[in-house]
Amino acid sequence: MALDVLMLVATSVATDSRVLREAATLVGAGHRVHIIGRSVPDDFEPAVGVTVSSVGTSSVFRAEGRPTLQGRRLQAPVRFARWFLLPQHRRSSFGRWADGALADARNRQFDVVHAHDFTALAAGDELARERGVPLVYDSHELWSGMPRQHRPTPLADLRDRRAEAELGGRATAVITVGRGVAEALERRYRWDNVSVVRNTFPLRDELPEPLAAPTGLVYAGRVSAYRELETIAAASPALGLPVTACGPADETWLTAFEPGTVEVLPALSLEGASNLIREAGAALVTHSNRWENHRLALPNKLFHAVSLGVPVVATDVGELARTVREHNLGTLYTPSDPASLQDAVERLCREYPQLVASVRAARQELSWDVDAQRLVGLYAKLGREEREGQE
């Protein structure tokens, strides 16, 4: 049965590959998808069959369209004020987005609400209960284990965990990005309806002939704190290969970043980043060991590299390291240790042909072809239940 799916996501959608990939997959399976995003660029063109509307990002601290502090070298009092007030700004901004998303959604027809991440969960739950339709909670991260770049907020964090337990507990289905996060949600909330749909990439029909050896290292992801970029920069003069970092940046953090010999580029299109990784022949897939979410995460950077047939140098942390070892996708280093990173790069160069062969052998299992089937199967079940409810 074809379903009208309403997706809620408090991002700009345009660069949210998980949301876009899921939406296009559901449309390909015969469903109709509308996404309500956050400050979606005016020139954004979604995939054929997917429609998108936008709600702004204003808060009590900053009006929509007003310039941010990003990109400026901030003095200490301003940095402190930003650190102190950021939690209130985020809550106000996400709250106003949720109010706007509710107003938008109430004028639409939908059979399923698909709430992406905790920031959309309360609005999704409210809409699903109003219409008497299923709620799918899509947890991109272990929300309570994510990095915080603001002052500690223990009471607010406790309220968030209680809210996630209550609202997510009412969801018909929960999906998340990897087994580690799934097990954490099951253990923490005693949920028994969690499925894994990884951040994998579609298979490419053909891959070019592999390089004989890597010519560089590319980090393609968010350029901000807790991504091990400081370690990469510290090691960069001794790595023997040029290093490039590209992606959306926290410009405030970037003003204090000392890059070493790393070339820092702005965000590129997916194809532009793919070309950069292919030409270099090796990817950096890195994050800290400080936060629980990082120990459980399976970054899409890993699956991006695999889809291109390129081995990785990755941090020896949690689920990421387990997956790299299981499929022999590259080499690992101890986080925050430039010497260990240098050793991992040297091992990658020595073992490069074997690692390339392992990555190419794992592509099918670690592809969106596999994960798309899980998502489509979940919605087929929702469609059957909807049809049975109408009979």
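The values are calculated or read from the model by the stated rules, or taken from the named source; none is laboratory data. Because the structure is a prediction, the values reported are computed rather than measured. Note that each Cβ is placed from the backbone with ideal geometry, even for glycine, and that neighbours are counted across all protein chains shown. In case anyone asks, the SASA skips ligands and DNA or RNA and just uses the protein heavy atoms, side chains included. Shrake-Rupley method; radii C 1.70, N 1.55, O 1.52, S 1.80 Å.
The table below gives the values:
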{"item": "Convex hull volume per residue for the range 136-292, taking Cα atoms only, in Å³", "result": "146"}
{"item": "Overall form of the range 290-391 per C-alpha gyration tensor (a/c, 1.5; a/b vs b/c)", "result": "oblate"}
{"item": "Angle in degrees between helix 179-189 and the longest Cα principal axis of the chain, rounded to the nearest 10", "result": "40"}
{"item": "5 angstrom amide H check on residue 201, placed H, neighbours 5+ away", "result": "368"}
{"item": "The chain: angle of helix 270-280 to the longest principal axis, Cα-based, in degrees nearest 10", "result": "20"}
{"item": "Rg and Dmax [Cα atoms of the range 171-244; Å; Rg one decimal, Dmax integer]", "result": "18.9, 52"}
{"item": "Carbon + sulfur, % of accessible area of the chain - ligands and nucleic acids excluded, 1.4 Å", "result": "50"}
{"item": "The chain, accessible area per residue, ligands and nucleic acids excluded (1.4 Å, Å²)", "result": "45"}
{"item": "Charge dipole (debye, nearest 20) of the range 179-224; +1 at Cβ of Lys and Arg, -1 at Cβ of Asp and Glu", "result": "380"}
{"item": "Estimated dipole of the chain in Debye, rounded to 20 [Cβ of Lys and Arg +1, of Asp and Glu -1, Cα centre]", "result": "1020"}
{"item": "CD proxy at 222 nm, helix term only [per DSSP H run n ≥ 4: -39500 (n - 2.57); per residue of the chain; nearest 500]", "result": "-14000 deg cm²/dmol"}
{"item": "Span from the the range 1-30 Cα centroid across to the the range 178-252 one, whole angstrom", "result": "22"}
{"item": "Cα extents of the range 246-294 along the three principal axes, largest first (Å)", "result": "31, 26, 21"}
{"item": "192, 138, ranked by accessible area, largest first (probe 1.4 Å)", "result": "192, 138"}
{"item": "Listed peptides 297-304, 105-112 by packing density, highest first (mean Cβ within 10 Å)", "result": "297-304, 105-112"}
{"item": "Helix 338-350 axis, angle to the chain major axis (alpha carbon atoms, nearest 10°)", "result": "80"}
{"item": "Intensity falloff of the chain expressed as log10 I(q)/I(0), Debye formula with alpha-carbon point scatterers, at q = 0.11, 0.14 Å⁻¹", "result": "-0.84, -1.34"}
